[in-house]
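The values are calculated or read from the model by the stated rules, or taken from the named source; none is laboratory data. In this text the structure is predicted, and so the values were computed from the model without any measurement. Ideal geometry is used to build each Cβ from the backbone, glycine not excepted, and the neighbour counts take in all protein chains shown.
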Number of protein chains: 4
Amino acid sequence: MTTFGESHGEAIGCIVSGCPSGVEIDVKHIQQDLDRRRPGQSMVTTSRAEPDQVSLLSGIENGYTTGAPIGMVIYNKDARSSKYEPFITAPRPSHGDFTYSSKFGTRSWGGGGRSSARETANWVAAGALAKKVLLDSKYDIEIKAHVNQIGEIRSPDITFEEMVKNSETNPVRCGHIETASEMEKLIRNYQTEGDSIGGTVYFEMHGVPIGLGAPRFDSFESRLGHAMLSVPATTSFEFGLGNSAKTYTGFERNDPFVFGDDGLVVPETNNHGGIQGGITTGEIIFGEVAFHAPTSIVKKQMTVDWDTGEPKEIQVTGRHDPVLPPRGVPVIESLLYMIVLDFMLLGGRINPDRIDDNPGVYDTEYHPKNPQNK
Amino acid sequence: MTTFGESHGEAIGCIVSGCPSGVEIDVKHIQQDLDRRRPGQSMVTTSRAEPDQVSLLSGIENGYTTGAPIGMVIYNKDARSSKYEPFITAPRPSHGDFTYSSKFGTRSWGGGGRSSARETANWVAAGALAKKVLLDSKYDIEIKAHVNQIGEIRSPDITFEEMVKNSETNPVRCGHIETASEMEKLIRNYQTEGDSIGGTVYFEMHGVPIGLGAPRFDSFESRLGHAMLSVPATTSFEFGLGNSAKTYTGFERNDPFVFGDDGLVVPETNNHGGIQGGITTGEIIFGEVAFHAPTSIVKKQMTVDWDTGEPKEIQVTGRHDPVLPPRGVPVIESLLYMIVLDFMLLGGRINPDRIDDNPGVYDTEYHPKNPQNK
Amino acid sequence: MTTFGESHGEAIGCIVSGCPSGVEIDVKHIQQDLDRRRPGQSMVTTSRAEPDQVSLLSGIENGYTTGAPIGMVIYNKDARSSKYEPFITAPRPSHGDFTYSSKFGTRSWGGGGRSSARETANWVAAGALAKKVLLDSKYDIEIKAHVNQIGEIRSPDITFEEMVKNSETNPVRCGHIETASEMEKLIRNYQTEGDSIGGTVYFEMHGVPIGLGAPRFDSFESRLGHAMLSVPATTSFEFGLGNSAKTYTGFERNDPFVFGDDGLVVPETNNHGGIQGGITTGEIIFGEVAFHAPTSIVKKQMTVDWDTGEPKEIQVTGRHDPVLPPRGVPVIESLLYMIVLDFMLLGGRINPDRIDDNPGVYDTEYHPKNPQNK
Amino acid sequence: MTTFGESHGEAIGCIVSGCPSGVEIDVKHIQQDLDRRRPGQSMVTTSRAEPDQVSLLSGIENGYTTGAPIGMVIYNKDARSSKYEPFITAPRPSHGDFTYSSKFGTRSWGGGGRSSARETANWVAAGALAKKVLLDSKYDIEIKAHVNQIGEIRSPDITFEEMVKNSETNPVRCGHIETASEMEKLIRNYQTEGDSIGGTVYFEMHGVPIGLGAPRFDSFESRLGHAMLSVPATTSFEFGLGNSAKTYTGFERNDPFVFGDDGLVVPETNNHGGIQGGITTGEIIFGEVAFHAPTSIVKKQMTVDWDTGEPKEIQVTGRHDPVLPPRGVPVIESLLYMIVLDFMLLGGRINPDRIDDNPGVYDTEYHPKNPQNK
């Protein structure tokens, strides 16, 4: 995926290369996910009215992918840049204004320009393609995220089924209904005060086959770390026992191997979070990502104006999210689908006589019942 | 950096490409850092007796880099593979044994082979080169990490000066001396029990100039996330307020801008952890990485033998670290030096009339006193 | 540059990443070059009526680049796919029909789909950006190509000034006027017969500074070879003495060094074609690229229909070029501009104390009057 | 493949990443090919006595590849740098001396340092691995090159069988015995005069399956162009009809499709040289590469000394090849094997329902008898 576009530019868009051919794609599948990320979808998101309507410009013939690059474009419809004029020479605190102008000597200032999280609409569009490719495959891969903490309010642990069932039914995208309504109240309180609040997103990946991830800098977790920290406003990523692994002993944390019902070797427990030695074990992969509070707030803040050389009191009065995790959920899911598909296309578990059969093939028949060491 | 090598193979090594020419390199500088990572350096590390002596095979002429790739090799001297024979077909819990054999249908089983953290000696060697290049530059970049938690014992917050001064004087590499000795006791207790324990490493990067990091997937924090999660046994990475950012409001977290003593625009506080919009602000970059407990423990554990099809009780009796953060400190510092140098070589802050002057140049004269928006 | 698009799809387009900020861009500059590649511009090109109007969707603020990715899109206006229906299951000889369908199990069949040279409009748009960046720089880089052979008719050697002055004044884009009109006649003859003909494009690059190109797989000539063979229908690339170098002795071909008028070291002659050891010498870089005849011809040809299992006689009656080099000229120039800019942004000649001054900088002050070997 | 090393440094070496696991590797296979490239093998090569003995440092377990990176090193044994001292500040004409020193401000001057073709020993070692992987596969891929021209002496066209049978039996590596002995005489004449001469290498690739190569910048021919122009001293690359394609009409050159004996669609002729639309057709891929004469000659030449600021007459009296194609043959074969294997590991021809079966698989069962357009 290669992307372009600014928040208030003419359009944003992306090119997805390497998508397999012969996959049925309906623009509705993509639109569905975009609608989950779309601004203006509820009281806890910005009221900017962007339909986020995606056009598929190439790579599809009669509804099926051709294997050629897929170009997608989303035109910006509701950009109101005038509200950003006061900040052209007075950087909003903790935005990209200061660093972009410092690095490039200029910036697209309307709506945060290139640094706006509007960019993530591209990711969701590309992720919807990856999801469809995987859904059509014989693998039973299911990925779901939900908001498990806003401010101090944390959701109790819930099952994957609850995450899937409940998280899309409330504006906060928390899979635990009671917590969701508490979170919503908290968010509204901060919004009323002209402030915003941080939170976390928890995700689970089910059905990811054994063998994805290459040793070292292409390990599954390093790709996760790269992707999750690329999401705007994230400050932390953990998987498996995460940060709390520091307090576990090796004996407590190690997962013994057993023979499963089908006679295949499996870890008995999953403290490792689905990844060992950088490679997936076939167990559930789970993790958590923290988002800081949105930096665009109505409350008065101090900055400086480098034109006048004076301090300046500002209020960021555009239409902004009071909290990020609810819209972060589809963004994170999209990146996770892309990571899995990328690794699968690179080839996963390798048959010992793979070259004779299938170079680069992901061979599910070769389950490690007897991964013999030749 | 491209690397190769297994724990018990003939040698490990790496190639460092793109190193600037004209930098004075003494193999001693590299050896110094290798010695900090080296096994057998203290009671809290494995007793494997590896001198880890590096040879520089190319890219240096009369003690100065030539700009050509630098090949380095470290021969393995003290590999005793026989202790690993019981595990050839009986994967050690939570190691890479199961996934490597599953993915590749074979594996180098001695000492953990390719999945061994012995690989990180390559990173330290390459990082020492990056460090030397930066030390010789006019930038005053200083990077230091220390162990700030082992099990439940956490170091109080200390100054950077304390980190630098104290962390290399004790085997745990904790910058707070009293805590260090408590940690050491704790580690010995677990070691005596045949168990191991997790912990965390905290790092600070001082003097990193403004403007490093490109928007989106090449943001400074996504590169950090990628690198830190590539370190063997890491399960979490956070920077700035990290995971705790979830409980801060936007108003609490936002850092106002002020004019500094020299009249230049600077953030007044550093809740952002030195990165805004994916680009460095010139402030201190700080973060924390969690390591799970070493998986190689003497305590009896259960696994299966896929040859016999039976469960198997095992003890991992090789020479192993009872805790990872102390040796992780130089590894993390090395990766951080490489990241900074990489970004600087790509070009950082850009002069508006850069092409006329210096394409790709990192121009420190262009401080954002007046980053005008053309 | 990343591209997408099929000949008869909704649109083609590309994303240009890494373009420096602060460069003035007028869409007219891009359009100008696109018009040189545009179909329907003369009798010797296809009559397809594509305005090839490019839209700049991002990366530009008030007419200046911001350093963010530049998204460009060109909508297809005059696609008439019905003429391609006979070939859906009957591959046109020597097109991409057979290989695309074999590889992907499907293809975009209208107008040749992804394999159409219509894709090169993207390259010309991106190349126009690169050209503008270089024109605005202090370097005096000028690149020009012209058609120096069609069938058996070869242009005599002409000066660079003649190439620049004459090649855009005739439809064949040959810099030698008399030869151009002979070529035009020859092309019309083949066109009348329903046939097509091959030819070559010769190029010169003036003012490319010393030091571009990295040893080995990033050598200047390997990048040229890669780019030139990526142009559709090319079958040969040579630079300097090219293929004829095989008959020269070392003594005949070697270029002695002398001191130039300004006291700087320069090669006295230029048999090396501006590149030594994979790195530019500051001399003129010149080369030649051969194009085979267009494969779409009206003359009857045989193929098979894999639906019926029968041989099939076909005529390709769309609107097609009878010869490729005239429209190949702007495509080749565009790629050459991109290659030069790419290498310059990576950093070219390196000052020995570069890190103290300018990491990655292209420093023209450091001319090899005294490139001392430390 | 990533490489390092200078001609007169301590060692050269490379790391081969992504090699499939489970392939039997004997160091003898690699040594065999290295011996074909080795200096001192005959009168027409340099007399430098390098055994070129390769050590495999990693990635192999009990004689089989493990899928982990393979590190290889070749120590330099017979470097005599003193003969290069006169050239430290007086660049040898048409070598890399001038450009390396200009770019880097320093260089490894002994034996040409990094710019020496000694580097290609690494390529031959890596290519031998790729060859073994392909030989062990079910594909019947055979690649052979031979010297088809030295100076004005050109070999008549010969069969592939003759190339294979004869080209390794004479020091010139020409598959036409009579021509070979004429070439040898010619070379000796030039050598006696203290001069050198150019020539060409012709290659054929048999059995490369349909579907390798991705559209556009990853087309099979652009990868060939990139690789062939990376070989030191090459100045031209052509495939299929090559440069002569310029004189063919479309009707003459186009290759009609027919049903083969097995009922599958095949091109009847092979003017296209095995590649259409950037993708292989299953036909023989053939091409030619030109090498200029070696630049190191005993004859007196003029250069300048930038230390004294004076012109200087020099003689390059080291041990040098009088001609390059004979040793270029194994180098070119090695690169071709690597290109084919690279493309095959990326996945070639795609089954329409590939995701359900085998993502990324090269599926030979799916021959384009009926490549239906869905």
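Of the residues making up region B:78-94, those that are within 20 Å of A:PHE257 (Cα to Cα) and not aromatic (Phe, Trp, Tyr) are B:LYS83, B:GLU85, B:PRO86, B:ILE88, B:THR89, B:ALA90, B:PRO91, B:ARG92, B:PRO93, B:SER94.
Residue by residue, here is whether (1) free of Cβ contacts under 8 Å to residues at least 40 places away in the same chain; (2) of a type in the set (Val, Ile, Thr); (3) surrounded by fewer than 20 Cβ atoms within 10 Å (Cβ to Cβ); (4) farther than 23 Å from B:ILE332 by Cα holds:
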position	(1), (2), (3), (4)
B:PRO20	no, no, no, no
B:ILE25	no, yes, no, no
B:HIS29	no, no, yes, no
B:ASP33	no, no, no, no
B:SER42	no, no, yes, no
B:GLN53	yes, no, yes, no
B:GLY59	no, no, no, yes
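Looking at region B:86-108, which of the residues that are touching a helix residue (DSSP H, G or I) at 6+ places or on another chain (Cβ under 7 Å) and aromatic (Phe, Trp, Tyr) is nearest to B:SER17 (Cα to Cα)? By that ranking, first place goes to B:TYR100.
Checking the stated criteria, A:GLU238 turns out to be within 27 Å of A:ARG118 (Cα to Cα), touching a Ser or Thr at 6+ places or on another chain (Cβ under 8 Å) and of a type outside the set (Lys, Arg). Checking each residue in region D:8-18 for being more than 19 Å from B:GLY9 (Cβ to Cβ) and surrounded by 23 or more Cβ atoms within 10 Å (Cβ to Cβ) picks out D:GLY9, D:ILE12. Using the structure shown, decide if C:SER167 is of a type in the set (Gly, Ala, Ser) and modelled with pLDDT of 90 or more. Answer is yes for this residue. Restricting attention to region D:281-290, the residues that are closer than 30 Å to C:LEU241 by Cα and either out of contact with any Gly (no Cβ under 6 Å at 6 or more places or on another chain) or surrounded by fewer than 23 Cβ atoms within 10 Å (Cβ to Cβ) (or both) add up to 6. Counting only strands (runs of 3 or more DSSP E) wholly contained in region C:277-349, the ones carrying 1 or more residues that are small (Gly, Ala, Ser) and facing chain D (nearest Cβ under 9 Å) occupy C:285-291.
Selection of region D:156-182 for residues being of a type in the set (Val, Ile, Thr) and either within 14 Å of chain A (Cβ to nearest Cβ) or touching a residue at least 60 places away in the same chain (Cβ under 8 Å) (or both) yields only D:VAL172. When each of D:SER94, D:SER82, D:SER116, D:SER102 is tested for being away from chain C (no Cβ under 14 Å) and of a type in the set (Gly, Ala, Ser), the lone residue that passes is D:SER82. In the condition set (1) within 28 Å of D:VAL147 (Cα to Cα); (2) away from chain B (no Cβ under 14 Å), D:SER7 is compliant with all but (2). Residue count for region A:119-138 satisfying the condition of being among the acidic types (Asp, Glu) and either under 17 Å from the mean Cα position of the chain (by Cα) or more than 12 Å from chain D (Cβ to nearest Cβ) (or both): 1.
Return yes when A:GLU168 is surrounded by fewer than 23 Cβ atoms within 10 Å (Cβ to Cβ) and within 21 Å of the chain's Cα centre (by Cα) and no when it is not. Considered against the rule, which asks whether it is surrounded by fewer than 23 Cβ atoms within 10 Å (Cβ to Cβ) and within 21 Å of the chain's Cα centre (by Cα), A:GLU168 comes out as yes. Which residues, taken from region C:258-268, are surrounded by fewer than 24 Cβ atoms within 10 Å (Cβ to Cβ) and within 7 Å of chain D (Cβ to nearest Cβ)? Across region C:258-268, the qualifying residues are C:VAL258, C:PHE259. The set of residues in region D:195-221 that are more than 25 Å from D:THR159 (Cβ to Cβ), surrounded by fewer than 23 Cβ atoms within 10 Å (Cβ to Cβ) and modelled with pLDDT of 95 or more contains only D:ASP195. Filtering region A:172-194 to residues that are buried (at least 19 other Cβ atoms within 10 Å of the Cβ), within 22 Å of A:LYS144 (Cα to Cα) and not aliphatic (A, V, I, L, M) leaves A:ARG173, A:CYS174, A:GLY175, A:HIS176, A:THR179, A:GLU184.
Among the conditions (1) more than 30 Å from B:GLY112 (Cβ to Cβ); (2) facing chain B (nearest Cβ under 8 Å), A:SER219 misses just one, which is (1). The set of residues in region D:109-127 being outside any helix (DSSP H, G or I) and in contact with a helix residue (DSSP H, G or I) (Cβ under 6 Å, 6 or more places away or on another chain) consists of D:TRP109 alone. If you go through region A:226-257 and keep only what is in a loop (DSSP other than H, G, I, E, B), facing chain B (nearest Cβ under 7 Å) and within 21 Å of B:MET228 (Cα to Cα), you end up with A:GLY240, A:LEU241, A:TYR248.
Given (1) over 24 Å from C:ILE332 (Cβ atoms); (2) out of contact with any Gly (no Cβ under 8 Å at 6 or more places or on another chain), identify the lone condition not met by C:ALA117. Going through the list (1) over 24 Å from C:ILE332 (Cβ atoms); (2) out of contact with any Gly (no Cβ under 8 Å at 6 or more places or on another chain), C:ALA117 breaks only (1).
Look at (1) crowded, with 24+ Cβ neighbours inside 10 Å; (2) modelled with pLDDT under 90 and you find that C:ILE70 fails only one, number (2). Here D:GLN301 clears all of (1) touching a Ser or Thr at 6+ places or on another chain (Cβ under 8 Å); (2) at pLDDT 95 or above; (3) over 23 Å from D:VAL231 (Cα atoms) except the condition numbered (1).
Just one of the numbered conditions (1) within 14 Å of chain B (Cβ to nearest Cβ); (2) part of a loop (DSSP other than H, G, I, E, B) is not true of D:SER55: (2). Apart from one condition, D:VAL133 fits all of (1) out of contact with any Leu (no Cβ under 8 Å at 6 or more places or on another chain); (2) closer than 21 Å to D:ILE285 by Cβ; the exception is (1). Does B:ILE153 satisfy the condition of being over 30 Å from B:GLY207 (Cβ atoms), facing another protein chain (nearest Cβ under 8 Å), out of contact with any strand residue (DSSP E or B) (no Cβ under 8 Å at 6 or more places or on another chain) and not basic (Lys, Arg)? Judged against the criteria, B:ILE153 is not a match.
Restricting attention to region D:316-333, the residues that are under 25 Å from C:GLU252 (Cα atoms) and either touching a Pro at 6+ places or on another chain (Cβ under 9 Å) or surrounded by 22 or more Cβ atoms within 10 Å (Cβ to Cβ) (or both) add up to 12.
Comparison of A:GLY213, A:GLY198 shows that the only residue that is more than 7 Å from chain B (Cβ to nearest Cβ) and either in contact (Cβ under 8 Å) with a residue 40 or more places away in the chain or touching a Leu at 6+ places or on another chain (Cβ under 6 Å) (or both) is A:GLY213. Filtered by the rule that a residue be closer than 20 Å to D:LEU336 by Cα and either touching an Asp or Glu at 6+ places or on another chain (Cβ under 9 Å) or among the aromatic types (Phe, Trp, Tyr) (or both), region D:1-13 gives a lone residue, D:THR3.
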